Amino acid sequence: MTKIQKTVKRQRERKRERGLRQDIRQRDNKRRQCKKTERKEKTEERESRQIEDKIEDRRERQREERRAKIKKRELTKRI
């Protein structure tokens with residue numbers, strides 16, 4: 001092989017390696033981005049669940065208070 005051919009061959013190899021590295025980098029970035037969005041979605045789900053639980057607890061407490069008031073009224077009526 002002549003010197004020019006060797007140089008061209010080396011350049012092609014470097015170009016191919018650079019392309020492969022770019023592909024790997026892009027794939028890793030996509031994976032990282034996906035993980036980030038998954039974490040975000042999980043935290044949003046968790047937060048919404050917590051809010052729903054708080055609302056449900058508040059409703060349950062209000063129901064209990066109403067029941068207690070009704071019982072109290074009934075007891076006072078009987079006396």
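The values are calculated or read from the model by the stated rules, or taken from the named source; none is laboratory data. Because the structure is a prediction, the values reported are computed rather than measured.
Details
- Positions within the range 1-49 being among the acidic types (Asp, Glu) and within 24 Å of the chain's Cα centre (by Cα), in sequence order: ASP28, GLU38, GLU41, GLU44, GLU45, GLU47
- Criterion (at pLDDT below 95 and part of a helix (DSSP H, G or I)) met by exactly one of ARG49, ARG27, ARG21, ARG73: ARG73
- ARG63 assigned to a helix (DSSP H, G or I) and modelled with pLDDT of 95 or more: yes
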